[in-house]
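Asks: Pasting in a structure now, in structure tokens, and then I'll have a few things to ask.
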Amino acid sequence: MTSSSLRRRTDRFGYLFIAPAAFCFLAFLAIPIGYALFVSFRRERVVGLGLGEGGREQIWAGLRNYTQVLADPEFLGSALRVLVYGLVLVPVMLGLALLFALLLDSRRARMQRAARILIFLPYAVPSVISSLLWGFLYLPGTSPFHFVAGALGGSLPDVLTPHLVLLAIANIGIWGGTGFNMVVLYTSLRSVPGELYEAAMLDGCSELQTALRVKVPMILPSLIMTCVFSIIATLQVFAEPMLLRPLTNSISTTWSPLMRIYRDAFTENDIYSASAGSVLVALATFVISFGFLRLVRGQAFAQEAR
């Protein structure tokens with residue numbers, strides 16, 4: 001068998017192996033995205049009395065769905081809430097993840113394996129379960145925190161009120177996402193050459209100075225990566241406010257952009273506005289993520305360009 005025929009045979013087997021993944025990508029990602037984009041430029045028109053099979057028809061709407069979504073004050077309000085939510089969630093979550101990673105990487109750290117598991121464990125809890133868990137912990141009538149505070153003669157604020165509910169939702173995200181980001185940053189710290197730490201010690205750097213001047217700059221690309229992932233997850237927040245909504249009147253059906261899209265599609269049966277809103281959320285996610293990467297690219301990957 002010649003080398004060319006062997007190469008062709010290997011290529012055929014390669015295509016066979018990637019066929020299931022390619023089929024799943026087309027069936028469950030590419031085709032739905034293309035269909036949503038197509039539907040976002042369509043509208044439904046009532047013909048006559050709107051009865052029977054020919055009572056409604058789809059027509060070309062152009063950018064009408066997009067202008068309608070962007071002019072909706074509920075959509076703009078939900079986008080503003082998610083922006084504030086991200087300003088609370090991302091810095092706190094990544095700050096805690098970096099702190100835990102640095103503490104676990106310290107020479108004085110004890111029981112590192114058990115600590116890693118305990119910090120990572122909340123990430124293994126599905127968001128549906130964690131939202132329900134924290135929801136009952138927030139309710140004054142079922143929360144053990146409120147019970148203990150009442151037994152001690154004090155009281156705790158109701159975090160499900162309109163002024164605090166955003167912090168309550170952000171707390172669920174912080175609790176569930178800190179462990180994953182900590183593992184990513186801790187893994188990056190373990191890959192840093194030990195000679196750098198020894199050189200810092202010889203120069204008289206304390207452990208805090210070594211962490212700030214050596215460790216953090218070395219894992220900056222990983223920190224940027226976790227920040228981008230956190231921004232994407234923030235813009236797509238849905239499960240937490242959706243599951244807390246039955247427990248309080250402070251969360252509307254349009255609290256986040258995805259909740260508004262869900263309401264349009266499955267409550268008001270308006271798939272056209274829902275598709276336009278989905279495209280806008282996807283576009284905003286891409287623009288913000290790409291813009292953030294462009295902003296920090298020079299600082300984050302400077303050492304790789306040398």
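The values are calculated or read from the model by the stated rules, or taken from the named source; none is laboratory data. This one's a predicted model, so the numbers in the text were calculated from it and none came from an experiment. As a convention, Cβ positions derive from the backbone with ideal geometry for all residues, glycine included, and neighbour counts pool all protein chains shown. Surface accessibility is based on the protein's heavy atoms, side chains included, excluding ligands, DNA and RNA. Shrake-Rupley method; radii C 1.70, N 1.55, O 1.52, S 1.80 Å.
Asks: Surrounded by 18 or more Cβ atoms within 10 Å (Cβ to Cβ), assigned to a helix (DSSP H, G or I) and not acidic (Asp, Glu), is that true of Ser289?
Replies: So Ser289 does not fit the description; no.
Asks: Sort out which residues of the range 157-206 are under 24 Å from Leu83 (Cβ atoms), aliphatic (A, V, I, L, M) and within 17 Å of the chain's Cα centre (by Cα), and write them in order of number.
Replies: Leu166, Leu167, Ala168, Ile169, Ala170, Ile172, Ile174
Asks: Could you tell me whether the range 209-222 includes any residue that is surrounded by 21 or more Cβ atoms within 10 Å (Cβ to Cβ), over 26 Å from Pro162 (Cα atoms) and touching a Lys or Arg at 6+ places or on another chain (Cβ under 8 Å)?
Replies: No - not one qualifying residue is present in the range 209-222.
Asks: For the range 65-105, which positions are buried (at least 16 other Cβ atoms within 10 Å of the Cβ) and among the polar types (S, T, N, Q)?
Replies: Asn65, Gln68, Ser78
Asks: Output the residues belonging to the range 115-148 that are without any contact (Cβ under 8 Å) to a residue 24 or more places away in the chain, open to solvent by less than 40 Å² (accessible area, probe 1.4 Å) and farther than 21 Å from Thr248 by Cα.
Replies: Ala115
Asks: Also, quick follow-up: Against the conditions (1) under 18 Å from Phe75 (Cβ atoms); (2) in contact with a Phe, Trp or Tyr (Cβ under 8 Å, 6 or more places away or on another chain), where does Tyr272 fall short? Just the number, please.
Replies: Going through the list (1) under 18 Å from Phe75 (Cβ atoms); (2) in contact with a Phe, Trp or Tyr (Cβ under 8 Å, 6 or more places away or on another chain), Tyr272 breaks only (2).
Asks: Moving on to the next point. Going by what's in this entry, would Ala199 be described as touching a residue at least 24 places away in the same chain (Cβ under 8 Å) and either open to solvent by 10 Å² or more (accessible area, probe 1.4 Å) or over 24 Å from Arg108 (Cβ atoms) (or both)?
Replies: Considered against the rule, which asks whether it is touching a residue at least 24 places away in the same chain (Cβ under 8 Å) and either open to solvent by 10 Å² or more (accessible area, probe 1.4 Å) or over 24 Å from Arg108 (Cβ atoms) (or both), Ala199 comes out as no.
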